[in-house]
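The structure under discussion appears below in the form of structure tokens.
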2 protein chains.
Amino acid sequence: MALLIAVKGWDTQTWVARLKARFPDRDIRSWPNAVGNPADIRYALTWKAPARVLSDCPNMELVFSLGAGVDHLLGQDDLPKVPIVRVVDPDLTARMSEWIALQVLLHHRQHLAYAAQQRERVWRELEQPSAGDLRVGILGLGVLGADAADVLKRLGFNVAGWSRSKKTLEGIDSFAGDAEFDAFLARTDVLVNLLPLTAETRGLVDRSVLEKLARDGVLGGPVFINAGRGGSHVEADLVAALNDGTLKAASLDVFETEPLSPDSPLWACENAILTPHVAADSDPEAISDYIAAQILRFEADGTLDNRVDPARGY
Amino acid sequence: MALLIAVKGWDTQTWVARLKARFPDRDIRSWPNAVGNPADIRYALTWKAPARVLSDCPNMELVFSLGAGVDHLLGQDDLPKVPIVRVVDPDLTARMSEWIALQVLLHHRQHLAYAAQQRERVWRELEQPSAGDLRVGILGLGVLGADAADVLKRLGFNVAGWSRSKKTLEGIDSFAGDAEFDAFLARTDVLVNLLPLTAETRGLVDRSVLEKLARDGVLGGPVFINAGRGGSHVEADLVAALNDGTLKAASLDVFETEPLSPDSPLWACENAILTPHVAADSDPEAISDYIAAQILRFEADGTLDNRVDPARGY
């Protein structure tokens, strides 16, 4: 009974070594060169590898997706008919909240304007609203969204969230479903996307959504922050909105196509802050601990945390 | 019995109106043109006005300094021999913690490096340590320092503070006095100054202090953040340290001389983030409420909050 590492964009042998360190007596294989007999494989750790690699293993019992997002896997045909578990790692959650807090603070404290003044050696104070006057709205109130909301609340921001179903989070206004989407947008100065990428969220943040954000806010125009998936926004609409004033500014860590092409007009938007999908890197050691613990518990009592619902998409 | 407004750099008549709104039946005067008979004056609100204006009032009972720092007043001769109260305002505290959290996050998340990459249209991921691996050290653990420490702790940073006397703050290592100063510096990657400016803190952060900061930290060199008073650092030493690598970077909101001269070499330091003394602006309405409440309580039972000790300097 073997465990398969099937990853792209990460060093396979390092992942093999990490699992070997935790399970020295188990048979650890790797795709594409050391799969061996697929019938031996019971568990797999995967990231952006073809789903077919997994479904070709007839005795597979469990698949771990090495990240919070599982769109890389669910978007494929040939999905194995076994439980898929996504990584929920406190370190990843903390990194995501850090990045979001940084971006909200950057816009709230007018960093781009002060940086421009610094380049010109200009000493000029800008009017500064209180955090309580800035309405942040988070799309997605799962583990990541709830933690980001909590950090932003501690910083004094007026925070609301929108999700499929109503959530109860102390001090956070919860909006839910299609019926409350427009009301959520209308009270939001800074829109933060943390939604998983699914059929329903693909292209969600388009011009019509940006136009529904609050325009009477203290920043003088709405801000969009995306740390979820680039597929959830329409990049051409973002560029147009950044250039015509529909958006005051944006912070983007994710893009429709990654790496972002050097030709993308986004690079030229001076009111956009771009980072190369680094908001919340997974710590491979923490992920390895998480997976080892889940395997041992699954073998002991058959239970699993953070199981993905393929129909729902996350 | 009159109240005197004696401010420089703020509009006097607006301050008169604010106090008039809270005390419509009282005699509100203003320096320099409407002081009237100094013997009438019992209370004063002052900011950067000559102390002599206050000490010339023989029946003065109470002086309010319109800000958290009182160095503008205590540095002068002719200090009136009456209680001096400084403003401690939750809105000001929250703004200070915001600015400090922003600056710590900017350096922690390598914003300057990513901004440079963005200008070059470069997509490159930089290694990112966890917040728990970054040791922030706060000089000054009063109201402002304690709140900043709490916010930084919530963001996951490893936080310690240094102050004259030992403090007990949950989750924050407390260092105290001269004896523990070097040990505090040696464990600090990011030094945040929030000390009041006194005879003891003037010029405190000089080259010798910068050289004692940790050099083995996760950012590849120490960072200095000053939101207290510019007089607490030696600017020529900062410039040299930023240019020769003794400091990895700095964020400065306060300077030896303000406004910072267009000729200052600091403007040219690409590893420095400069803001024009805006970290924590006082909200005049909140200050006015605070002062009105203190006056009423002083008249009722003689007690005062946040009274300054002129010998201590804050």
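Summary for A:PRO90: label point 7 Å along Cα→Cβ; distances to the equivalent points in the other copies, ascending, 2.9 nm.
Solvent-accessible area of A:LYS8, all protein chains in place: 110 Å² (probe radius 1.4 Å, heavy atoms, ligands and nucleic acids excluded). Debye-formula intensities of segment A:1-90, expressed as log10 I(q)/I(0) at q = 0.21, 0.25 Å⁻¹, are -1.01, -1.43 (one equal scatterer per alpha-carbon, no solvent). Between segment A:183-197 and segment A:97-131, what is the separation of their alpha carbon centroids in Å? About 21 Å separates the Cα centre of segment A:183-197 from the one of segment A:97-131. Segment B:26-153: D in µm²/s via Stokes-Einstein (Kirkwood Rh, Cα pairs, 25 °C, 0.890 mPa s)? For the chosen part, D equals 133 µm²/s. Determine the percent antiparallel among the DSSP beta bridges restricted to segment A:138-257, to the nearest 5. Counting DSSP beta bridges with both partners in segment A:138-257, the antiparallel share is about 5 percent.
Percent of Cα pairs in segment A:203-265 per distance bin of 10 Å, from zero to the largest separation: 22, 56, 20, 2. Our coupling estimate for segment A:151-163, obtained by passing each phi through the Karplus curve with A = 6.51, B = -1.76, C = 1.60 and θ = phi - 60°, is 5, 5, 5, 4, 7, x, 6, 8, 10, 10, x, 10, 8 Hz, Gly and Pro reported as x. In the assembly of identical copies, A:GLU211 has its label point, taken 7 Å from Cα in the direction of the beta carbon, separated from the corresponding points by 6.4 nm (ascending, one decimal). Shown here for segment B:252-314: trypsin sites (Lys or Arg not before Pro) in loop regions (DSSP other than H, G, I, E, B) with at most 15 other Cβ atoms within 10 Å, namely B:ARG312.
Measuring between their Cα centroids, segment A:214-244 and segment A:248-314 lie 20 Å from each other. What the Kirkwood sum gives for segment B:177-289 is a hydrodynamic radius of 14.7 Å, with every pair of different alpha carbons counted. Computed from backbone phi with θ = phi - 60° and the Karplus coefficients 6.51, -1.76 and 1.60, the 3J(HN,Hα) list for segment A:262-270 is x, 8, 4, x, 4, 4, 8, 7, 6 Hz; x is used for glycine and proline. Within segment A:233-311, the GluC sites (Glu not before Pro) that combine a DSSP coil assignment with at most 14 other C-beta atoms in a 10 angstrom radius are A:GLU270. In segment A:87-160, the C-alpha radius of gyration followed by the widest Cα-Cα span (Dmax) gives 14.7, 47 angstrom. Taking amide H atoms as placed 1.01 Å from N in the peptide plane, list the residues 5 or more away in sequence, or in a different chain, whose amide H sits under 5 Å from that of B:PHE64. Distant-sequence amide H within range of B:PHE64: B:ALA44, B:LEU45, B:THR46, B:VAL85.
Taking the label point as lying 7 angstrom from Cα along the Cα-to-Cβ axis, what are the distances from A:ASP133 to the corresponding position in the remaining copies, in ascending order and in nanometres? Its label point is 4.0 nm from the equivalent points in the other copies. Closest approach to the axis carrying B onto A, counted by Cβ on chain B and given in whole Å with its residue, is B:ARG154, 3. So what does the Cα-only Debye profile of chain B read at q = 0.10, 0.16 Å⁻¹, as log10 I(q)/I(0), no solvent term? The Cα Debye sum returns log10 ratios of -0.62, -1.26.
Every pair of different Cα atoms in the protein assembly as shown enters the Kirkwood calculation, which places the hydrodynamic radius at 27.1 Å. Treating each Cα of segment A:90-274 as one equal point scatterer and applying the Debye formula with no solvent, the log10 of I(q)/I(0) at q = 0.10, 0.15 Å⁻¹ comes out as -0.37, -0.85.
The values are calculated or read from the model by the stated rules, or taken from the named source; none is laboratory data. This is a predicted model, so every value here is computed, not measured. Every residue, glycine among them, receives a Cβ derived from its backbone with ideal geometry; neighbour counts consider all protein chains shown. For the accessible areas, the whole protein counts, side chains as well, though only heavy atoms, and no ligand, DNA or RNA atoms are used. Shrake-Rupley method; radii C 1.70, N 1.55, O 1.52, S 1.80 Å.
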